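Here the structure is laid out as structure tokens; the discussion comes afterwards.
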Amino acid sequence: MKDVVIVGGGVAGIYAAYKSASSGNNVKLIEASSKLGGRINSRVDSISGDSIDNGQHLLVGAYHSFIELLKFIGTYDLIEYQEKFFVKYYSKNGPFSLQQKLPGQLGMLTALMKLDQVSFSSKMKAIQFVAKIRTNRIKSKGKTCFQLLKDENQGDDMVKVLWEPLILATINTSIQEADAFVFTEVLRLAFFADRKNGKLIFPKEGLNDLIDPFTQKFELIGGEVLFNTSIKSFERANNKWRLELTKSRNLDCDELILAIPPHKIEKLENEINIPDFTYSPIISVYLWYDKDFMDEIIAALLDTKTQWVFNKRKLGFQNGKDKFPGYLTCTISAADDIIKKSSKEIADICDSELKSYFKADSNLLHYKVIKEAKATINQNLKSSQERMNFKSSEPNLKFVGDWIWTSLPCTIESACRSYDVE
């Protein structure tokens, strides 16, 4: 048994705490705030009474580690699998759908063939592209997504309708910069894998509800959570790690795991050579209307600032329904070009685009805009190389988080899987 201290109670930290304690270690989890979850958090909107998340999170069946964590916490029943892959697209030329009617890979390939507003030639080239990914014949290392799609002769119409929206949603980096290897791994392991791995998953309640029971479950396996406690510095002392914490407290441990973002690690009073990452923002816009004019759970918008729209009422969020029948969430990934606009300006942009594309005769009654300026690192070729090269140089010092290299984008699943990286 080792004494293990984990700093940071986000998803990476609580997954590491769960795995380490399950292995028989004496684990303390340190969290600076009064609750766990980190960037996975929610609160109740004071006007509508509805739960709002710090950002709309979309999961897929390939999130095996995160799903394992939810099962441990006991909140697995708070997520819902989409029966078959279905996304409604809205464009200037009208709506169309990407709909899987057959199971597994065959179903997704058939769905591509029936995709409207894309030429037959582009569909065939996309199927050839997917086949090469599935059989590991794709050469994506060292390329941007833009370069790869050009090399694979992907039609501009397919790029616009399918590949670019998917790249923005999963990698949060522009298609001109995003690492193609990370993108092809997403396609191989999730969207064009087997039937269950490719399914979309939606949280049916606020993100806090997914995470909050962790503390009680963790204590049952011998763990301890120290809330409202921050680390000031750490050093090696007698073959152990000595941590200086707030509240004039010191703590010694055999193994130290830092589960905090790179820019916070840099602020610690210790020399750690953290890569100089740049960051990419995500904006989440919550809109309440006098009518529920969206029939689908999820929709993609093309040629707009708004990229994805989620109908929270269809997902089961009903607290404010009597006063606000319509409740939608819009996401804007890689939002560098509008992050400095005011909340009202951003809400007005989304509202205008929604009403135009959905032909909605409705009134916007209330809105909330959440800007995550450092939502993820910018997942370009430079950062991927730095992630791959980054290793802890100290014994029994481990780093976990979505920025650690797992070959996946900086997602909830990558945050969990980082614990298993040697």
Within the stretch 398-408, can you find the residues that are closer than 17 Å to Ala190 by Cα and either crowded, with 23+ Cβ neighbours inside 10 Å or hydrophobic (A, V, I, L, M, F, W, C) (or both)? Leu408
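Of all residues in the stretch 100-110, how many are part of a helix (DSSP H, G or I), open to solvent by 30 Å² or more (accessible area, probe 1.4 Å) and of a type in the set (A, V, I, L, M, F, W, C)? Write out each step before concluding.
Restricting attention to the stretch 100-110, the residues satisfying the condition of being part of a helix (DSSP H, G or I) are 104-110.
Still in the running and open to solvent by 30 Å² or more (accessible area, probe 1.4 Å): 105-106, 109-110.
Next, only the ones that are of a type in the set (A, V, I, L, M, F, W, C) stay: 106, 109.
Residues that pass the stated criteria total 2.
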Any idea how many residues of the stretch 69-82 are touching a Gly at 6+ places or on another chain (Cβ under 9 Å) and open to solvent by 60 Å² or more (accessible area, probe 1.4 Å)? 1
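Would you call Ser97 closer than 18 Å to Glu164 by Cα and open to solvent by less than 60 Å² (accessible area, probe 1.4 Å)?
yes
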Turns out the strands (runs of 3 or more DSSP E) fully within the stretch 3-57 with at least 1 residues that are charged (D, E, K, R) and surrounded by fewer than 18 Cβ atoms within 10 Å (Cβ to Cβ) are 3-7, 42-44
Considering every residue within the stretch 94-104, establish whether at least one is polar (S, T, N, Q), modelled with pLDDT under 95 and over 21 Å from Ala62 (Cα atoms). yes
Filter result for Leu364 (open to solvent by less than 20 Å² (accessible area, probe 1.4 Å) and not basic (Lys, Arg)): no
Hits in the stretch 319-344 - residues which are open to solvent by 20 Å² or more (accessible area, probe 1.4 Å) and either free of Cβ contacts under 8 Å to residues at least 40 places away in the same chain or β-branched (Val, Ile, Thr) (or both): Lys321, Asp322, Pro325, Asp337, Ile339, Lys340, Lys341, Ser342, Ser343, Lys344
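Condition check ((1) at negative phi; (2) of a type in the set (A, V, I, L, M)) across all residues:
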| position | (1), (2) |
| --- | --- |
| Val87 | yes, yes |
| Gln99 | yes, no |
| Lys114 | yes, no |
| Phe129 | yes, no |
| Asn136 | no, no |
Restricting to the stretch 7-40, count the residues that are over 17 Å from Glu413 (Cβ atoms) and of a type in the set (Val, Ile, Thr). 3
When (1) of a type in the set (Phe, Trp, Tyr); (2) open to solvent by 30 Å² or more (accessible area, probe 1.4 Å); (3) at pLDDT below 90 are applied to Phe85, the one that fails is (2)
Across the stretch 243-300, the tally of residues that are over 20 Å from Leu58 (Cα atoms) and in contact with a helix residue (DSSP H, G or I) (Cβ under 7 Å, 6 or more places away or on another chain) stands at 8
Residue check, Phe66 touching a helix residue (DSSP H, G or I) at 6+ places or on another chain (Cβ under 7 Å), under 30 Å from Leu245 (Cα atoms), modelled with pLDDT of 95 or more and surrounded by fewer than 20 Cβ atoms within 10 Å (Cβ to Cβ): no
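How many residues does the stretch 74-91 hold that are of a type in the set (S, T, N, Q) and assigned to a strand (DSSP E or B)?
Restricting attention to the stretch 74-91, the residues satisfying the condition of being of a type in the set (S, T, N, Q) are 75, 82, 91.
Checking the rest, the ones that are also assigned to a strand (DSSP E or B) come to 91.
Number of matching residues: 1.
The values are calculated or read from the model by the stated rules, or taken from the named source; none is laboratory data. Since this is a predicted model, take the numbers as computed values, not measurements. For neighbour counting, all protein chains shown are included, and Cβ atoms are generated from backbone atoms with ideal geometry for every residue, glycine included. For accessibility, only protein heavy atoms count, side chains too; no ligands or nucleic acids. Shrake-Rupley method; radii C 1.70, N 1.55, O 1.52, S 1.80 Å.
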